[in-house]
Structure formats: C-alpha cells, structure tokens
Amino acid sequence: MPSSPLHTRQSRRSPLRKAAIALLAAGALLVPAVPVSASTTDKPAAIAQPTPDSPVSGKLVPALRGDAARAAAGSKLSEQVLKRGEALKDSPKAGGDRKTGADLQTSATPLPPWSGSLHTVWGAFPTVVSDGAQATHTVNPGISIPSGNPDVVYAPTLVPSGKTCIEVTTFYWQGGNGVGAWDWCAASPGFAAVAWINSSFLSTYTTTYQGLPAYEVLDVQTNATTNSWTAYLWNYTTSTWDALFTSADTSKLVDPHGGWDMFEVYTEYNSATGEGYYCTETYGTQFHAANIKIKVSGTWSTLTTSNSSVTPPGSVSSSDFGCYGLSFTLQTANSHWQVSH
C-alpha cells in the first residue's frame, strides 16, 4: 500500500468499549478487562519463565477439540489460515526464496480509499529449520469484535518451521477470542483445539508481562522418527506444561522452510472510518511476542539477526495494515516484536 495516511479516525472506542469484555462464542463467558499500561520489567512479574525442560503435567489444556474446535473457529478462519499457509510454502527454502512478512505486505496494494480485502503480516521469521519454538504471547481479553464485523486479527501466531504439525495462534474475531492449535498434518488441515480466552484461561495460563496478560507457549518436536509435535501452554497454577494438541506426519520432514511468529490481519475497508473495521475495536491495545527461542540441532537459541529476519519497523507503515495509528517496535532484535495501536 502507498505510505500516504489513511483518513483520520472519525470515532474512537468509548471508555466503556475499551473496558468491554469479549463475548465468547462458547457460553458467552465474561472476562475481566485488563489494563494495558506498560510495565518497567521485561519478564513476567515475580514468576520465573519456564524452560523447554520444565516439567510436563501429562494433562490437557481445557479446550474444544476435533469437530467442535472447527465449528467454533468457523469456516472463514479455516479458509484464511489454510490459504496463507499454502502461500508461505510456495517458496520453501529457509533463508532463500521463502516468502517473508515483507513479501505479504507488498502483495496487496490497494489505493486509499481502498476497497475489498487486505491481508498483511509483520513479525519475526526464522531463516533456519528448527525442531521447536518457545515464546511469550500477550492477549487482549478486552477486544470485542462485534457481530457483522468481517475482520480477523491473528496476533501473535507461531510456527516453528516447515516440519511442524502445529501452528499456535491467538485470534480475535466476531465469534470470540481464543488460543487455537491448527493441525497442518491432518488430511484436511484445520483448527484442532480452541481454548477460549475466558476467566479460567486467564487465571490458569497467563501472568503479567509488560502490563498485559500473557501465556507461554512451547511448540516442539517430541519424536524425530514419527515427526510428532506437541504444543504446550504453561500452567501457572501447577508450574507445569499442559498439552494443547499433538500431531504427527513424516511427510512434513521434507519441508525445509523456516517458520514465523507474527502479527497478522485480514481486514475489509470501512467507508465510515476510511480504514479497516478492526481498527476501532483494537484501539488502545498492544500485541507482543517476546522471548522467542528456537531449537536447532538439539540446542535452544534466542532469535537474533543471524538466525531470523524482521522487516525493519521504520519500513512498515500503519497504512500497510489499513489502520491509522499502528506502530511497530523491535524491543529486542529479533526475539521481541511489539505492535501498538
């Protein structure tokens, strides 16, 4: 998209809207609003960050699974994730001609006032093939996408590498806010587990990170022969990893591209505001992916400029995302990205 600014926002979220609680598709559970003020620490407050070798509980994260998960996520989300995943696989060489966030950002160039759909991403893209990833992902339970709003925000969404069976994504849409496991190794890829971001999820799987609730995710290969992968969430009440989903497929072993941890938006033009519909609902929020690590040849390493790529924040405009007022920051290159609105 051109760098010229979008129309000035005609309306902002009211204080009541900013404190609104997400209406979840499963049971309309109420979630307390969470303040978004910045913290002075770069680590979860008073709680040690878990490691990949921290204890595994043997228990499952409470979530919808199978057909129930697919139904909860809906066909629209499934179509979007599948289409994007296939696009990123078109050029699978790690560090070579694999598509990056910059490629997707420039793949759609609507002119303001733009029309139709816009899909764009920004984040960290490992340039090496890994056997796992771990990261701290913030959540925004106060985001409430109303019925009829066509937009979806996936932020953050994590894939360790092309070998993985599982993508773990935080999603916000009119059907609710959730953390989902997408099964890339299924005969028909789709959402295999969906945990709603409700009060139980927040009290069990999140802690405070820079003033926001955040969960710790571990997505790792657990059997190299069968290429079995398990995605875990850290349970702060038991100090153990709980499994979100497990899947395996040896055919994925030949897929050599790197992965991603990124901010992703599917948006439609709102003629009333001159920007994407999601902008009104996400005003005043922050999205973080921090402490990003990958496992290569048995060793865990933090993402850096030597093993990953990030489009420089100064090269990314809020207009690229069809939303006035977005800002993009690398707090630590390349292991901590932040998108603020």
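Structure notes:
- Any hit, the range 310-326, residues being touching a residue at least 12 places away in the same chain (Cβ under 8 Å), in a strand (DSSP E or B) and under 22 Å from Thr169 (Cβ atoms): no
- Condition check for Ala155: within 11 Å of the chain's Cα centre (by Cα) and farther than 21 Å from Leu253 by Cβ: yes
- Scan of the range 154-199 for residues that are open to solvent by 10 Å² or more (accessible area, probe 1.4 Å) and under 16 Å from Lys83 (Cα atoms), ordered by number: Asp183, Trp184, Cys185, Ala186, Ala187, Ser188, Pro189
- Any chance Ala231 is within 23 Å of Asn291 (Cα to Cα) and open to solvent by 10 Å² or more (accessible area, probe 1.4 Å): no
- Restricting the first member to the range 238-255 and to residues that are over 10 Å from Cys185 (Cβ atoms) and open to solvent by 40 Å² or more (accessible area, probe 1.4 Å), and the second to residues that are among the basic types (Lys, Arg) and part of a loop (DSSP other than H, G, I, E, B), the beta-carbon pairs closer than 7 Å and six or more apart or on different chains are Leu253/Lys163.
- Filtered by the rule that a residue be open to solvent by 10 Å² or more (accessible area, probe 1.4 Å) and more than 23 Å from Thr329 (Cα to Cα), the range 129-148 gives Val129, Asp131, Ser144, Ile145, Pro146, Ser147, Gly148.
- When residues in the range 264-307 are screened for being open to solvent by less than 10 Å² (accessible area, probe 1.4 Å) and either part of a strand (DSSP E or B) or touching a Pro at 6+ places or on another chain (Cβ under 8 Å) (or both), 13 of them pass.
- Inspection of the range 258-271 identifies no residue that is within 16 Å of Gly325 (Cβ to Cβ), among the small types (Gly, Ala, Ser) and at pLDDT below 95.
- Filtered residue count, the range 308-325, keeping only those that are at negative phi and either among the β-branched types (Val, Ile, Thr) or buried (at least 23 other Cβ atoms within 10 Å of the Cβ) (or both): 7
- Some residue of the range 121-134 being of a type in the set (Val, Ile, Thr) and touching a helix residue (DSSP H, G or I) at 6+ places or on another chain (Cβ under 9 Å): yes
The values are calculated or read from the model by the stated rules, or taken from the named source; none is laboratory data. Note that the structure is predicted; figures quoted are calculated from it, not measured. No Cβ is skipped: glycine too gets one built from the backbone with ideal geometry, and neighbour counts run over all protein chains shown. Surface areas here come from the heavy atoms of the whole protein model, side chains and all, with no ligands, DNA or RNA. Shrake-Rupley method; radii C 1.70, N 1.55, O 1.52, S 1.80 Å.
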